[in-house]
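The values are calculated or read from the model by the stated rules, or taken from the named source; none is laboratory data. Every value quoted in this text rests on a predicted model; they were computed, and no experiment measured them. All Cβ positions, glycine included, derive from the backbone under ideal geometry; neighbour counts span all protein chains shown. These area figures cover heavy atoms from the full protein model, side chains too; ligands, DNA and RNA do not enter into them. Shrake-Rupley method; radii C 1.70, N 1.55, O 1.52, S 1.80 Å.
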Amino acid sequence: MTVPFADLHQQYLSLKTEIDAAIADVIRTSAFIRGPHVERFEQAFAAAMGTSHCVSCANGTDAIYIAMVALGVKPGDEVIVPSMSWISTSESVTQAGGTVVFCDIDPETHTLDPDKLAGCITSRTVGIIPVHLYGQPAAMDRIVNVAHARGLWVIEDCAQSHLAEFNGRKVGTFGTAATFSFYPGKNLGAMGDAGAVVTNDAGLATHMAKFARHGGLRKGDHEIEGINSRLDGLQAAILNVKLPHLPTWTEQRRALAARYSEELAGVQGLCLPSCREGTRHVWHLYVVQSEERDALAGRLRERGVQTSVNYPRALPFLPCYSRLKHAPEDFPEGHALARRCLALPIFAEMTVDQLDTVCEAVRASAGG
Ligand SMILES: *Cc1c(COP(=O)(O)O)cnc(C)c1O
């Protein structure tokens, strides 16, 4: 048996009738840009995330950029991001005109280390972008406390953490705003690019919507110059079909992760992911660590198990940040995770047989 890293087609098959009908409806009504499907999704997603506003946009990277522009980021402003994330988190800071400041992660949870946060704050710091990496909530209580004390905004990057919870409260409700990606492989995925920002701040929501739609909410207004970043009707219609299934899919991911952790406990040379106490991890990725990561990935591939490295380099060490001249000892935890991390297959439709096949292959491949 071969096990894919993810199986998007399987999810489509499980909802084929509804998805095909939704797509046909968009085509029949030519509701390609804005329209009822987009409005319905914005309302449904805000409700599902427990926030009062949702501004949809073209992708999860734009979502972060739009939120930052609306929060008034300007040249010279410093924004703190974790040392380990997808590049969207940091590149959008630069795109908004700000300066990226990296903060190392906590080795247990792989999220922004609150102990290191104070040391990153200067008189120019305006905000913090914690990332709930792999689906694990960042330490939102402490991060929000620091932000309040210093008058900083917080944008939660929730691209990997739909429906995750910290102390019984959904991620995305702690920050000034929270951004989501519906890239096909995310826990809630469209059939193309899609994204959104949620917030409880009505003024901020209006500003973000305006900016994302050429600076005006009504044709001809253009109160400001904006950009064109829209969720298209087809993607919205597909997301409307999928959203009601997200709680079930999340439960399935959590059950699969629990089984991984049970079956792989004690495997030599393998470090299993831990779960912060009081949180609800949603397992966008099940990431193990090994000193022999590349060899392990190779042996798993030979046994028909696809894996993925998320991510092979911590953000400060990407070529695009060579100008900052960071050394591994500046961000030891991000550096170590990038060297050791290996994501095993996990997706809602994964069968127990598939998972057991992966575990058998890991047991046979780990520790040399
Ligand atoms: C996927 C992702 C994004 C960006 O999403 P896109 O929709 O691909 O632009 C941002 N941050 C993180 C942590 C992500 O994983």
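Indicate the gyration tensor shape class of segment 5-63 (rounded, prolate or oblate), computed on the Cα atoms with a ≥ b ≥ c the square roots of the eigenvalues: a/c under 1.5 is rounded; otherwise a/b larger than b/c is prolate and the rest oblate. Oblate. Compute log10 of I(q)/I(0) for segment 32-82 with the Debye formula, placing one identical point scatterer on every Cα and leaving out solvent, at q = 0.15, 0.22, 0.23, 0.26 Å⁻¹, to two decimals. So the normalised log intensities work out to -0.55, -0.92, -0.96, -1.07. Charged side chains reduced to their Cβ positions (Lys and Arg at +1, Asp and Glu at -1) give the chain a dipole of some 520 debye around its Cα centre. Straight-line cross-link reach from LYS242 at under 28 Å between alpha-carbon atoms covers these lysines, not counting any fewer than eight positions away in the same chain: LYS16, LYS170, LYS186, LYS210. Here the calculated FRET efficiency for GLU349 and CYS320, from their Cβ-Cβ distance with R0 = 35 Å, stands at 0.50, rounded to the nearest 0.05.
For SER14, the accessible area of its heavy atoms, probed at 1.4 Å with every protein chain present, is near 70 square angstrom. The Cβ shell under 11 Å around HIS53 holds other residues with a net charge of -2, Lys and Arg each +1, Asp and Glu each -1. Scattering from segment 75-148 was approximated by placing one identical point on each alpha carbon and applying the Debye formula without solvent; log10 I(q)/I(0) at 0.13, 0.17, 0.19, 0.27 1/Å stands at -0.33, -0.57, -0.71, -1.33. For segment 138-284, the square roots a ≥ b ≥ c of the C-alpha gyration tensor eigenvalues yield an a/c of 1.5 or more together with a/b not exceeding b/c, which makes the shape oblate. Protection proxy ranking, highest mean first, for peptides 169-175, 213-219: 169-175, 213-219, where packing is the per-residue count of other beta-carbon atoms within 10 Å, averaged. The listed residues THR89, THR94 rank as THR94, THR89 when sorted by accessible area, largest first, using a 1.4 Å probe.
Ignoring lysines fewer than eight residues from LYS325 along the same chain, the ones with Cα atoms less than 25 angstrom from its Cα are LYS74, LYS116. Dividing the summed helix terms, -39500 (n - 2.57) for each DSSP H run of n ≥ 4, by the number of residues in the chain produces a 222 nm estimate of -11500 deg cm²/dmol to the nearest 500.
Averaging Cα coordinates gives a centre for segment 288-336 and one for segment 31-82; these two points are 30 Å apart. Each part gets one Cα centre, and for segment 194-223 versus segment 83-107 those centres are 24 Å apart. Using a cutoff of 8 angstrom between alpha carbon atoms and counting only pairs six or more residues apart, the relative contact order for the chain works out to 22 percent.
How much accessible area per residue does segment 81-174 have, counting only protein heavy atoms and a probe of 1.4 Å, in square angstrom?
Numbers: 2980 Å² over 94 residues.
Per residue, segment 81-174 has an accessible area of 32 Å².
Overall, the accessible surface of segment 294-366 at a probe of 1.4 angstrom is composed of carbon and sulfur to the extent of 49 percent.
Protection proxy ranking, highest mean first, for peptides 231-242, 341-352: 231-242, 341-352, where packing is the per-residue count of other beta-carbon atoms within 10 Å, averaged.
Could you do me a favour and compute the accessible area per residue for segment 185-278, 1.4 Å probe, result in Å²? Each step should come with its number before you reach the end.
Details: 4340 Å² over 94 residues.
Value for segment 185-278: 46 Å² per residue.
Take the convex hull of the alpha carbons in the chain; its mean projected area over all directions comes to 18.3 nm². Dipole magnitude for segment 243-295: computed about the Cα centre from +1 point charges on Lys and Arg Cβ and -1 point charges on Asp and Glu Cβ, it is near 300 debye.
Using a 1.4 angstrom probe on heavy atoms only, work out the carbon and sulfur share of the accessible area of segment 1-129 in %. Please list the in-between numbers first.
Working: 3000 of 5310 Å².
Roughly 56 percent, rounded to a whole number.
I need the shape label for segment 210-274. Rule: rounded when a/c is under 1.5, else prolate if a/b > b/c, else oblate, with a, b, c from the alpha carbon gyration tensor. Prolate, since a/c reaches 1.5 and a/b exceeds b/c.
Using a cutoff of 8 angstrom between alpha carbon atoms and counting only pairs six or more residues apart, the relative contact order for segment 164-218 works out to 25 percent.
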